[in-house]
Amino acid sequence: MNENILIKVYPKFQPCLKEVLDSGRVGICAGNIKVCEIQSGRAHDGSTTTPTGDHFKLAIPFAGQTIMWDVVFDGNTPESPPDFSFDDLTFLADPDVAILEKYVPSLAKWDSQDPKALMNVITELLYLYKKHQLANVLVVLSSTAEDGEIEVRISVALLADSDFTRLQFEYSTLIGGTQIVENDVEVLIQNRNKTTGRTRSGTGAVNFLIHLNVDFSGIPPVQGTTDNTGKDAAVLLVTFHSPDWSRITPQLCLSPGVEKALGNTSFTVPLFPQGNCLMDYVPLVMLQLNNKISAIIAAHEKKKGFVTAFMFHMGKALLEYDTVDFTYMSFLLVKRDFHFLLHINLSPNFPKECPVFTLQSMYHALWGKPFKLKIDDCPFSPRWEPRQMVERACLHIKDHIDGFQKSSIQKSQE
């Protein structure tokens, strides 16, 4: 996919754009930067097949939305730094040279030979853009922040069409009253006039994208997870809707590995309680998610303990078992020269749910398939230790073997 994009770009700019496409995972959600609308600002007479693309758009994930930035190189002077045009015209509308030199050094000291040069500039500009969004919403004063000079110089006037007092309170108490820090939060004003910076009456919304500091290191490995490109993570997107910000919609986004691990026990984010604030709500979500992760880890250990105990009890009769998720195992058993298989399946809700025990004949078939019999009413309690679960299950299974043998013979003759 990336190769199809790069072949349209002027060769001098391909290394830096390739770096953006290959490693450009940015922001709290660690999303990929996408490139589109590749164009050329150079005259092309058709005499060469060399690609001439030197203008393109970047689609950058930010605070639960996608922001669009134009990057304009000059193919006639490829050593020159690119120009940028932002979809928010209030951002760096009249940039101060000193600010750019200090906070976007990779642009001020552009090195066209460095493949990482463009990615470095994007990273530095995103830092400024994050400050710009906060300054617009929160009226942060320079005396209260280390980077206050950025916030004051790039901030537009307070958005006169909206009262952001509620949002200022939400942000300040979230940062000051919880374990969440500034780097864990992205804020974005939606549906506003990007020329004046003012929200459009009745349609405005403000996104808070919050990285949740949850420990996923104990989550058991999951089969079938195809996206292993990033860390296990959880981010909470909370949208405040205008005009009074009282309608609040939360959404939890999980990395593929975490989502797969939750499986059928998928975590549902709680509703935002009326009268609550982020300072109360975010720790609540983190607590519930931590509890869910702990339950998954405990269940995995229970399954592992049960499978291990059953294999130990059965000795060499083991045929196969799930070595990753511990969801099934099979044994080859014999009683008075009658050979049969015992299949055991554990649901994702084990140990809340009893394992499923199935006997399968080695000799008899029913309607063209091996004859099987599910054993019901097996004594089981989630409070038992694995050894007790196994012993009680084996005694119950033994009581059904003779009946299973008779049924398999009778059914196969029908």
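In the stretch 58-102, what residues are on the phi > 0 side of the Ramachandran plot and under 27 Å from the mean Cα position of the chain (by Cα)? Show your work before the answer.
To start, the set of residues in the stretch 58-102 that are on the phi > 0 side of the Ramachandran plot comprises 63-64, 92.
The answer is 63, 64.
How do the pairs read when you match residues in the stretch 81-99 that are without any contact (Cβ under 8 Å) to a residue 12 or more places away in the chain with residues anywhere that are assigned to a helix (DSSP H, G or I) and surrounded by fewer than 18 Cβ atoms within 10 Å (Cβ to Cβ), using Cβ under 8 Å and keeping only pairs 6 or more apart or on different chains?
none
Looking at (1) assigned to a strand (DSSP E or B); (2) touching a Ser or Thr at 6+ places or on another chain (Cβ under 8 Å), can you tell me which one residue 295 breaks?
Condition not satisfied by residue 295: (1).
I'd like the full set of residues that are part of a loop (DSSP other than H, G, I, E, B) and either at pLDDT 90 or above or surrounded by fewer than 18 Cβ atoms within 10 Å (Cβ to Cβ) (or both), limited to the stretch 179-199.
The initial filter retains those residues of the stretch 179-199 that are part of a loop (DSSP other than H, G, I, E, B), namely 179-181, 191, 193-198.
Answer for the stretch 179-199, where residues must be part of a loop (DSSP other than H, G, I, E, B) and either at pLDDT 90 or above or surrounded by fewer than 18 Cβ atoms within 10 Å (Cβ to Cβ) (or both): 179, 180, 181, 191, 193, 194, 195, 196.
Look at the stretch 267-278 and say how many of its residues are surrounded by 12 or more Cβ atoms within 10 Å (Cβ to Cβ) and either polar (S, T, N, Q) or out of contact with any Asp or Glu (no Cβ under 8 Å at 6 or more places or on another chain) (or both). Before you say what the answer is, go through the steps one by one.
Of the residues in the stretch 267-278, the ones surrounded by 12 or more Cβ atoms within 10 Å (Cβ to Cβ) are 267, 269-270, 272, 276-278.
This time we only want the ones that are either polar (S, T, N, Q) or out of contact with any Asp or Glu (no Cβ under 8 Å at 6 or more places or on another chain) (or both), so: 267, 269-270, 272, 276.
Matching residues across the stretch 267-278 total 5.
Among the listed residues 308, 239, 268, 249, identify the single one that is in contact with a Gly (Cβ under 8 Å, 6 or more places away or on another chain), hydroxyl-bearing (Ser, Thr, Tyr) and either over 30 Å from residue 22 (Cα atoms) or assigned to a helix (DSSP H, G or I) (or both).
Working: 308 fails: in contact with a Gly (Cβ under 8 Å, 6 or more places away or on another chain); 268 fails: in contact with a Gly (Cβ under 8 Å, 6 or more places away or on another chain); 249 fails: in contact with a Gly (Cβ under 8 Å, 6 or more places away or on another chain).
Just a single option satisfies the conditions, and that option is 239.
Specify which of the listed residues (341, 289) is at pLDDT below 95 and crowded, with 16+ Cβ neighbours inside 10 Å.
Details: 341 fails: at pLDDT below 95.
Checking each option against the conditions leaves just 289.
Read through the list (1) touching a Ser or Thr at 6+ places or on another chain (Cβ under 9 Å); (2) crowded, with 16+ Cβ neighbours inside 10 Å, then give the number of the only condition that residue 353 fails.
Result: residue 353 fails condition (2) only.
Would you point out the residue of the stretch 74-90, among those that are of a type in the set (S, T, N, Q) and surrounded by fewer than 18 Cβ atoms within 10 Å (Cβ to Cβ), that is farthest from residue 126 (Cα to Cα)?
Step one: list which residues in the stretch 74-90 are of a type in the set (S, T, N, Q), which gives 76-77, 80, 85, 90.
Narrowing the set further to residues that are surrounded by fewer than 18 Cβ atoms within 10 Å (Cβ to Cβ) leaves 76-77, 80, 85.
On the way: 76: 28, 77: 26, 80: 21, 85: 13 Å.
Checking each candidate, the answer is 76.
Exactly one of (1) out of contact with any Gly (no Cβ under 9 Å at 6 or more places or on another chain); (2) assigned by TED's automatic domain parsing to the domain that holds residue 11; (3) at pLDDT 90 or above is unmet by residue 175. Its number?
For residue 175, the failing item is (2).
Run down 405, 388, 360 and say which single residue is part of a helix (DSSP H, G or I) and buried (at least 17 other Cβ atoms within 10 Å of the Cβ).
Numbers: 388 fails: buried (at least 17 other Cβ atoms within 10 Å of the Cβ); 360 fails: part of a helix (DSSP H, G or I).
Result of the check over 405, 388, 360: 405.
Say whether the condition of being basic (Lys, Arg) and in contact (Cβ under 8 Å) with a residue 60 or more places away in the chain is met by at least one residue in the stretch 52-68.
Taking every residue of the stretch 52-68 in turn, none turns out to be basic (Lys, Arg) and in contact (Cβ under 8 Å) with a residue 60 or more places away in the chain.
The values are calculated or read from the model by the stated rules, or taken from the named source; none is laboratory data. Computed from a predicted model, the values in this text were never measured in an experiment. Ideal geometry is used to build each Cβ from the backbone, glycine not excepted, and the neighbour counts take in all protein chains shown.
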